[in-house]
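The values are calculated or read from the model by the stated rules, or taken from the named source; none is laboratory data. What you see is a predicted model; the values in this text were computed from it and never measured. Cβ: placed from backbone, ideal geometry, glycine included. Neighbour counts: every protein chain shown.
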Amino acid sequence: MVTLCRQTGGPMPHADSRVGRLIRALAAEPPPAKVEERVAGRLVLALGARSLPPRAVPERPRRPLPEPGLAVGRFSGFLTSLAVVLTCLTATVAQGMLPVPWAPKRPGKEVAIEQWRLVDNGRLWTDLGTDALTFSPKDGHLLMTISAKGVDSWDVANPEHPERVGLGEHGVKSRALLGVSPDGLTLVVVDGQSVLGLRTDNGQRVWSITNPHTKVKAIHVSQYSVMFAVSDATRSTQLQSVSPGETDGTRTTAKGRIPLDARAAQFSPDGKTLAIATDDGALHLWDTSSSSGPRRTGPPFPAENKRTTALAFSADGRLLATVDADHVARLWDVENPERPQPLGSPLASNVPVTAIAFSRDPRLVATVGTDRTAYLWRRN
């Protein structure tokens, strides 16, 4: 600080000035020994140890206006004094000797970091295995699982004691996309070869649409139609709709085009938002409710892993789950689509995740593991 004062060319503050009295007060009571080991502590001791000159009375008579040289000197001295004050205050705050009045007050209870807990008896294993799963929108406690061998239904009203309530015979030939009609009576399955409407109570076929498209990325089931998000040869995503009563798959209605090649996609439960993951590692949200065509609802945001393989919305549409090629599930808060935020800790279980679905209660989540078993998780 002595060097600093000499370099500035200004005089040191006087012993009986306010700045001088402040420096002497700070050094009047020596700080703890540990303080001396720090740079800030040594600075305070050095300022207090250095003698300050007494105020000198000018011999020249006062003039109405100060000379230019004297004004410059006073200004330089003011800067030096200000630097000394700021340095002293900073040093005392650094040592904990003074509080920081502008620091925000911490709340009494810290926000807990979100954790995942495997529900007791939450391993839903069957000899059918599980390739995909979804919850019924009508009965948020009904979990539907499907494999190549058939459909399974689980009542998870009490997650610690899940109960198998239905077993169907109709399976799928490959990894499927699932949706349930709003009345909860029909399970819609897309397996790459056809679109099937199956009864949720016994898995029997109600209707089918053969060979719709081979690159269906997402489906949304309403009371009167099924909407598809389809990747086409132009590396874009087409939105198409078809009525469940149709049987040949050719009478589809175009709903718009999104200029993105979807690696994975998912409709929100109300069908008004489509989430798309692209090969460049970005996640996109599009509004699909407008009759004039889909429009982007916010800027793309980066996924943790560029290879997103599956997406899922919570029942209220506020959360988006992503599953990547490393089989890790992550959550995003998308209530404000213009500023999606990562939420909590990722789910990296002992059994890697391949698919995920939310119950009506977003704290209860079902996943499929690489062992083709369904699991129930609690989020706190």
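Considering only residues in segment 336-364 that are assigned to a loop (DSSP other than H, G, I, E, B) and of a type in the set (Gly, Ala, Ser), the one that is surrounded by the most Cβ atoms within 10 Å (Cβ to Cβ) turns out to be SER359. Where strands (runs of 3 or more DSSP E) fall entirely within segment 215-312, those with at least 2 residues that are in contact with a Pro (Cβ under 6 Å, 6 or more places away or on another chain), over 20 Å from ASP191 (Cβ atoms) and in contact (Cβ under 8 Å) with a residue 12 or more places away in the chain are at 253-258, 282-287. When segment 133-145 is limited to residues that are in a strand (DSSP E or B) and closer than 17 Å to GLN266 by Cβ, the one that is farthest from the chain's Cα centre (by Cα) turns out to be MET144. Take VAL195 and decide whether it is assigned to a strand (DSSP E or B), at pLDDT 85 or above and surrounded by 22 or more Cβ atoms within 10 Å (Cβ to Cβ). Answer is no for this residue. All told, GLY317 falls short of being more than 25 Å from SER359 (Cβ to Cβ) and not hydroxyl-bearing (Ser, Thr, Tyr).
Any residue at all in segment 298-316 that is under 24 Å from VAL180 (Cα atoms) and of a type in the set (D, E, K, R)? Among the residues of segment 298-316, at least one is under 24 Å from VAL180 (Cα atoms) and of a type in the set (D, E, K, R), which makes the answer yes.
When restricted to residues that are crowded, with 17+ Cβ neighbours inside 10 Å and assigned to a strand (DSSP E or B), segment 313-335 contains 11.
Residues in segment 365-380 that are over 14 Å from ALA310 (Cα atoms) and either part of a strand (DSSP E or B) or charged (D, E, K, R) (or both): VAL365, ASP371, ARG372, ALA374, TYR375, LEU376, TRP377, ARG378, ARG379.
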